[in-house]
Amino acid sequence: MKNPPEYITSPSNPLIKLLKSLERKKERAETGLFLAEGARIVAEGLARGWHAETVVIAADMADRAAIASIAASAEAAGARVVLVPERLMSKITQKDNAQSVVAAFRQRHLSLADLPAPASGGLYIALFEVRDPGNLGTILRTADCAGLSGVILLGTTCDPYSFEAVRASMGSLFDMPFAASGFCDFDTWRKAAGLSLTAASVNGTVRHDGADLNKGAVILMGNEQAGLPDWIEDACDTLALIPMRGGADSLNLAQASAVMIYEAWRQRGYA
Ligand code: SAM
């Protein structure tokens, strides 16, 4: 860290205002930045080569070895590193128990062509018009845990770089490639790559563990309220139903995604 380190104490400092504003989609879109919170998650982003513009550290934690190491690697990668009192950390993240490190990272926007090439046996999950950032972050985390090749965001979705999505992903956002696409381009891409398309649907005709997910495949999940439109279900090779026997009409999207992802991985022998 610079000697002496840059130390900001005023909530009206322009940098603090900018970081706080990243809670809003408009400011994230205009600046191309997003906020990640927590020493482990910020360290993960830096280690994965994501560009941190600014790293903010709670002043009373700055001497800890793990935090000093984050500051050093952030500075080496060109980030501005500043210290603030704890009350400003809470202000930036709008949480009472603020983390000791937060960072503003530059967003990445991938297209289908940027995803890891669909090798035979590749497994992807596509989310049609996902609206809840908590669901999106949780699915990124599950996809990461199961080693998927990528996540595809279809149509108009919530922002993967919102505070809530980043928090729910617990750092998997840095590891799991995700790309946005319209359905038609996506369908052309997956056919050209020889990937089958299995939708998880409450209209499923095959039980989820009877769908063949053992070869190159995309699992398609529907929107939280409306599920999948008929024309998209018609374009799928298989409609898979996860059995239910209570009164609820469906599972939560992130939970249904986890069941499908882990079923595919089970079929592949957890290799
Ligand atoms: N009312 C919506 C519908 O008719 O599809 C429910 C949407 S549900 C909350 C969100 C998504 O989770 C669904 O589109 C589907 O992809 C998946 N899902 C939820 N429960 C499921 C089940 N029992 N079987 C298969 N997929 C399910």
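The values are calculated or read from the model by the stated rules, or taken from the named source; none is laboratory data. Every value quoted in this text rests on a predicted model; they were computed, and no experiment measured them. Neighbour counts run over all protein chains shown; Cβ positions are idealised from the backbone, glycine included. Just the protein is used for accessible areas: all its heavy atoms, side chains included, with ligands, DNA and RNA removed. Shrake-Rupley method; radii C 1.70, N 1.55, O 1.52, S 1.80 Å.
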Scan the stretch 111-126 and give yes if some residue there is within 25 Å of residue 26 (Cβ to Cβ), in contact with a helix residue (DSSP H, G or I) (Cβ under 7 Å, 6 or more places away or on another chain) and of a type in the set (A, V, I, L, M), otherwise no. no
Out of all the residues in the stretch 146-162, is one or more assigned to a helix (DSSP H, G or I) and open to solvent by 50 Å² or more (accessible area, probe 1.4 Å)? no
As an exercise: evaluate residue 96 against (1) in contact (Cβ under 8 Å) with a residue 12 or more places away in the chain; (2) assigned to a loop (DSSP other than H, G, I, E, B) and give the number of the one condition it does not meet. (1)
Across the stretch 66-101, what is the number of residues that are of a type outside the set (D, E, K, R) and under 16 Å from residue 5 (Cβ atoms)? 19
For the stretch 126-145, which positions are surrounded by 22 or more Cβ atoms within 10 Å (Cβ to Cβ) and assigned to a helix (DSSP H, G or I)? 135, 136, 137, 138, 139, 140, 142, 143
Scanning the stretch 73-88 residue by residue, those more than 13 Å from residue 16 (Cα to Cα) and open to solvent by less than 50 Å² (accessible area, probe 1.4 Å) turn out to be 74, 79
Failed criterion for residue 76 (all others in (1) under 20 Å from the mean Cα position of the chain (by Cα); (2) at pLDDT 95 or above; (3) not charged (D, E, K, R) hold): (1)
Can you pull out the residues in the stretch 247-265 that are open to solvent by 50 Å² or more (accessible area, probe 1.4 Å) and either within 9 Å of the ligand (Cβ to nearest atom) or without any contact (Cβ under 8 Å) to a residue 40 or more places away in the chain (or both)? 247, 248, 249, 250, 251, 252, 255, 259
What number of residues within the stretch 209-225 are crowded, with 23+ Cβ neighbours inside 10 Å and either part of a strand (DSSP E or B) or near the ligand (Cβ under 7 Å from one of its atoms) (or both)? 6
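Among the residues of the stretch 226-246, is there at least one that is within 16 Å of the ligand (Cβ to nearest atom), within 20 Å of the chain's Cα centre (by Cα) and of a type outside the set (Val, Ile, Thr)?
Within the stretch 226-246 (the criterion being within 16 Å of the ligand (Cβ to nearest atom), within 20 Å of the chain's Cα centre (by Cα) and of a type outside the set (Val, Ile, Thr)), the answer is no, since none of the residues qualifies.
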Open to solvent by less than 10 Å² (accessible area, probe 1.4 Å) and at positive phi, is that true of residue 194? no
Of the residues 44, 53, which single one is touching an Asp or Glu at 6+ places or on another chain (Cβ under 9 Å) and outside any loop (DSSP other than H, G, I, E, B)? 44
